[in-house]
Structure formats: structure tokens, C-alpha cells
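All remarks here apply to the structure that follows.
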Amino acid sequence: MTPYYQGNEPDWPQLERQLVDLMSDCLDSSEFFALLGAAQLNGGSYSSAIESLERALLLNPQNGAAQIDYAQALFLRGDVFAALELNNRLLDREDLPQNIRDLLAARQQNWRGMTSQSQFQVDVLAGFDTNLNSAPDTEAITLTLSGENVLLALDSDYRQVSGPYASIKLRGNIRQLAPEYQQSWVMEARARVSEDSRSDQLQIEGRYSFLRPGRRRNWRLDAGISNLFFGGSPLYSALETSAFYVPRGSARCNPYLGVAAQHQLFHENSRLNALEGRASMGVTCPIGTTASNQELGIEMAVLANDALQTDRPGGDRFGWQATANWQMQLGSGNFVGQLNYTSLKDRNGYNPLLMGFANRWVERSYLLLQYRRRIFSDLIFLANAFHQLQRSNIELFITSETTFEMGFSAEL
């Protein structure tokens, strides 16, 4: 095979074509298949390279050149731990030249570093919100007094406040990979400030995920905690755990099932504390002729929110939720859209003074649009638009909100 070794800068596609023409005469040559696998590997044909290199190692399991390239091919295909194991066996060989040993040791360290990944980012945005304080749309509500309806004007403190705002978000993500599972930890803090300090927000979240991937099915367990401060005071905390199961889908679509439970704690009014359960099913599919650049996801869920105290207004409530997600690659930018609809109804009457103690129902829908474009290697431009509309049979819960914000995300 000596004539086919072409120095430091071979023409790998031409070499592959030359070797393929000789295959019928070299079926028992480990050296031939090792060289063919190297040509295919360097030409970007990873599947073909793996097949050729496996054949070279079947003919001669001690073929060092084939082992080196086979580990590289496994890594490029995504089999990081198989590549690490083979590369480690190579380092144990006593016949390894020192320069090759140094290269493989550096490769081993680089690959092992990829099994533990950390990412930190900061988002800085400025925007405008038509309803900073999440107040009802109406300026007056109808009360039921002694069987009669009475119109009561809302105090100015309870009416909508609109205006500009600035926000900053800090996010840290640590991910660890193992041969049989993956786990990650995420910490996130987001603060929003405006001229109306009573509407300032601080949200702090922490999440842990455990993923068990497989050829036939994947499953994932999540646990998280979140806290929301509004106007400088703690408003809401939640503990959540969830599980997702992803069976083998079709060639294009991936279905999944999910369940979640959340403990909701309201610091200012313990009567609102609740335990909420959620069961969902969904599917994600590539769409269009450029399937790799577009994806559509649809999810349906049922909700049950159980009051932890018997005197909570409205008691238990039940409902359902539908969500559609769409993402598309636009050149060097990425566009994401999300449409959500949620319907909830109380089991009991909400309040004797509101609509004659009627059972409250709430229908909430929102549309989120986001555009991300990488400007530099570690700087991303962001533009977000959000519109939410909430309807109800009780005026106090009829709200709407529109926000638009722009800014930058920096990876640290």
C-alpha cells in the first residue's frame, strides 16, 4: 500500500476513489481497510469510515492506525464514551511512539472535558409594557349587594400602569454526561425595573434534570424551585417535579408524555396555596422542505389545581391547556414562536360580592415571538414580542398585556 500514502496533505476524495477500485484485490488486508477508512474519515464520510475501520480491526485487532482513526470516527458520530474507552486503551499500548502518545493524551483530555460542560450568560434588555402591574382592564367592577348590582370604581392604585422598563437576566448551566445518563443544573435570576417601583419584579429559579437516553425510548426527570418578588416583597414560591417519557417515534416525528406536580405558596395570602397536577402529551415534527431548519411542536394537557385550605375563593379548579411551538432558522438568526391557550373553571362560587357568587371561569391566551441572531462568537442580539389576553365572567380577572423588548445576550 506504500504508493497510496500521499504525504502530509493528501487528496482524500481522490485517494478513496483509487482505493475503492482496488477493493476486490484487498479483501483480506487490514492495512487497506485502515487506509480506506482514513480517507473516508478525512473526507467527512463518517458512517463509511466506521464500516471500513471496523473491518480493518476484524482482520487485525492490533492495527494501531485503524484504532486511532476508529476512535476519532466514533467521537465525530457522537459516541463520546466509546471513543474515550478506545483512546484510553491506545494510551496503554507500549509500542506507541511518544509523539503519537502526546497527541492521543491531548485528545483524551479534550474529549473528557466535553463530558462536563458549563455555560454562563447574561441578557440585558429594554422594552415597553402596556400593563406593568398586571391590573384588570376595567376601571370599575360590578358588586352584588343585597341582590342588587352596584358599580364600584377601582382606585387608581389598582388600574393599569404602562411604561418602559429595563431587565437583566443571569443564567448558569452545568451539564454532565455519563455513558448511561445525562444530568444538568440550571440557576437563573431575572430582574425588571421601571418608573413604577411597585411593579418591579425579581424572579429566581433553580432546576435539576436527569435524562436517560436510549435507542428505543428516552425518559427525563426534572425538579425545580422558583420564587417571585413583586414590588420588593415576596409574592409567590413554587416547588415542582415532573417526568417525561419519549417512545420511539416515526422517522420524522417524536411523541412524548409528561406528568408534573407543583406546590404553590403565596406569601401574602396563604388561603391561595395550592397543589397543581398536570398531565400532557405532545409531538414535535420537522416541517417544510428544509426539515432540519424548521420544527413544529403541539402539546395538549389537563390541569387540576387543588386548594390546600377549604376557604380558598373558588375552591378547587380544573381545566386544560393547548400549546403550539414553532422554530425556524433564518440565515444566521433563529425565530421562535409560541401560542398558548389555557381554560380554567372553579368548582365553587368565587365570592358572594362578585357576580352573585358565580363559579369563576378564566380563559387565557398568549402569543410569544422571539428572534435571536448571533453577532459575534459570544454576543447575541435579541428581540421579543409578547401579547396576552385573559377573559373571565368576573371583571376583576379580565386583563390584557403587550410587551416588546430588545437587547443583547452575552455568553461568559
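The values are calculated or read from the model by the stated rules, or taken from the named source; none is laboratory data. Note that the coordinates shown come from a computational prediction; the quantities given were computed from them, not determined experimentally. Please note: Cβ atoms are built from the backbone with ideal geometry, for glycine as well, and neighbour counts cover all protein chains shown. We work out accessible area using only protein heavy atoms, side chains counted, and drop any ligands, DNA or RNA first. Shrake-Rupley method; radii C 1.70, N 1.55, O 1.52, S 1.80 Å.
Taking the options Q176, Q203, Q183, name whichever one is touching a strand residue (DSSP E or B) at 6+ places or on another chain (Cβ under 6 Å), assigned to a strand (DSSP E or B) and touching a residue at least 60 places away in the same chain (Cβ under 8 Å). Let's see the steps before the verdict.
Working: Q203 fails: touching a residue at least 60 places away in the same chain (Cβ under 8 Å); Q183 fails: touching a residue at least 60 places away in the same chain (Cβ under 8 Å).
Result: Q176 is the single residue among Q176, Q203, Q183 that is touching a strand residue (DSSP E or B) at 6+ places or on another chain (Cβ under 6 Å), assigned to a strand (DSSP E or B) and touching a residue at least 60 places away in the same chain (Cβ under 8 Å).
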Exactly one of (1) without any contact (Cβ under 8 Å) to a residue 24 or more places away in the chain; (2) touching a strand residue (DSSP E or B) at 6+ places or on another chain (Cβ under 6 Å) is unmet by N269. Its number? (2)
Residue in the stretch 159-171 that is surrounded by fewer than 15 Cβ atoms within 10 Å (Cβ to Cβ) and among the aromatic types (F, W, Y) present: no
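Within the stretch 297-322, how many residues are touching a Phe, Trp or Tyr at 6+ places or on another chain (Cβ under 8 Å) and of a type in the set (V, I, T)? Steps first, answer last, please.
First pass over the stretch 297-322, keeping only residues touching a Phe, Trp or Tyr at 6+ places or on another chain (Cβ under 8 Å): 297, 300-305, 313-314, 321-322.
Still in the running and of a type in the set (V, I, T): 302.
Of the residues in the stretch 297-322, 1 are touching a Phe, Trp or Tyr at 6+ places or on another chain (Cβ under 8 Å) and of a type in the set (V, I, T).
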Would you call Y208 open to solvent by 40 Å² or more (accessible area, probe 1.4 Å), touching a Gly at 6+ places or on another chain (Cβ under 8 Å), over 24 Å from N340 (Cα atoms) and assigned to a strand (DSSP E or B)? yes
Of the conditions (1) part of a strand (DSSP E or B); (2) open to solvent by less than 60 Å² (accessible area, probe 1.4 Å), the single one that N149 does not satisfy is (2)
Hits in the stretch 111-120 - residues which are closer than 11 Å to A83 by Cβ and open to solvent by 80 Å² or more (accessible area, probe 1.4 Å): R112
Quick one: in the stretch 291-311, which of the residues that are assigned to a loop (DSSP other than H, G, I, E, B) and in contact (Cβ under 8 Å) with a residue 24 or more places away in the chain is surrounded by the fewest Cβ atoms within 10 Å (Cβ to Cβ)? D311
For A82, all conditions in the list (1) open to solvent by less than 50 Å² (accessible area, probe 1.4 Å); (2) of a type in the set (A, V, I, L, M); (3) under 19 Å from Q40 (Cβ atoms); (4) touching a residue at least 12 places away in the same chain (Cβ under 8 Å) hold save one; what is the number of the exception? (4)
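State all residues of the stretch 211-233 that are more than 17 Å from L177 (Cα to Cα), in a strand (DSSP E or B) and modelled with pLDDT under 95; if no residue qualifies, say none.
Residues of the stretch 211-233 that are more than 17 Å from L177 (Cα to Cα), as a first pass: 216-217, 223-233.
Filter once more, so that each one left must be in a strand (DSSP E or B): 217, 223-230, 233.
Of everything in the stretch 211-233, those that are more than 17 Å from L177 (Cα to Cα), in a strand (DSSP E or B) and modelled with pLDDT under 95 turn out to be R217, F230, S233.
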Considering residues of the stretch 267-281 that are more than 27 Å from the chain's Cα centre (by Cα) and among the charged types (D, E, K, R) only, the residue least open to solvent (accessible area, probe 1.4 Å): R271
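Out of A106, A126, A135, I need the residue that is of a type outside the set (F, W, Y), surrounded by fewer than 13 Cβ atoms within 10 Å (Cβ to Cβ) and touching a residue at least 40 places away in the same chain (Cβ under 8 Å). Which one?
Details: A106 fails: touching a residue at least 40 places away in the same chain (Cβ under 8 Å); A135 fails: surrounded by fewer than 13 Cβ atoms within 10 Å (Cβ to Cβ).
Of the residues listed, the single one that is of a type outside the set (F, W, Y), surrounded by fewer than 13 Cβ atoms within 10 Å (Cβ to Cβ) and touching a residue at least 40 places away in the same chain (Cβ under 8 Å) is A126.
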Mind checking which pairs have a first residue in the stretch 28-42 that is modelled with pLDDT under 90 and a second that is acidic (D, E) and open to solvent by 20 Å² or more (accessible area, probe 1.4 Å), Cβ under 6 Å, 6 or more apart or different chains? G37/D69; A38/D69; A39/E16; Q40/E16; L41/D69
Are there any pairs, at least 6 apart or on different chains, whose C-beta atoms fall under 8 Å, with the first in the stretch 220-248 and more than 17 Å from E276 (Cβ to Cβ) and the second open to solvent by less than 40 Å² (accessible area, probe 1.4 Å) and part of a loop (DSSP other than H, G, I, E, B), and if so, which? F230/D200; G231/D200; G232/D200
By residue number, the members of the stretch 312-354 that are of a type in the set (D, E) and not in a strand (DSSP E or B) are D316
Per the filter on the stretch 343-393, residues more than 28 Å from L152 (Cα to Cα) and aromatic (F, W, Y) are Y366, Y371, F376, F381, F386
Of all residues in the stretch 30-76 being at negative phi and not in a helix (DSSP H, G or I), the one that is least open to solvent (accessible area, probe 1.4 Å): N63
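So that you can scan it fast, the table gives a plain yes or no per residue for (1) modelled with pLDDT under 95; (2) loosely packed, with under 14 Cβ neighbours inside 10 Å:
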{"site": "L265", "(1), (2)": "no, no"}
{"site": "G288", "(1), (2)": "yes, yes"}
{"site": "P313", "(1), (2)": "yes, no"}
{"site": "S332", "(1), (2)": "yes, yes"}
Quick check on the stretch 343-355. Is at least one of its residues over 30 Å from I287 (Cβ atoms), open to solvent by 60 Å² or more (accessible area, probe 1.4 Å) and without any contact (Cβ under 8 Å) to a residue 12 or more places away in the chain? no
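Condition check ((1) on the phi > 0 side of the Ramachandran plot; (2) in contact (Cβ under 8 Å) with a residue 40 or more places away in the chain; (3) open to solvent by 50 Å² or more (accessible area, probe 1.4 Å); (4) of a type outside the set (D, E)) across all residues:
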{"position": "R364", "(1), (2), (3), (4)": "no, no, yes, yes"}
{"position": "R374", "(1), (2), (3), (4)": "no, yes, yes, yes"}
{"position": "L379", "(1), (2), (3), (4)": "no, no, no, yes"}
{"position": "I394", "(1), (2), (3), (4)": "no, yes, no, yes"}
{"position": "T403", "(1), (2), (3), (4)": "no, yes, no, yes"}
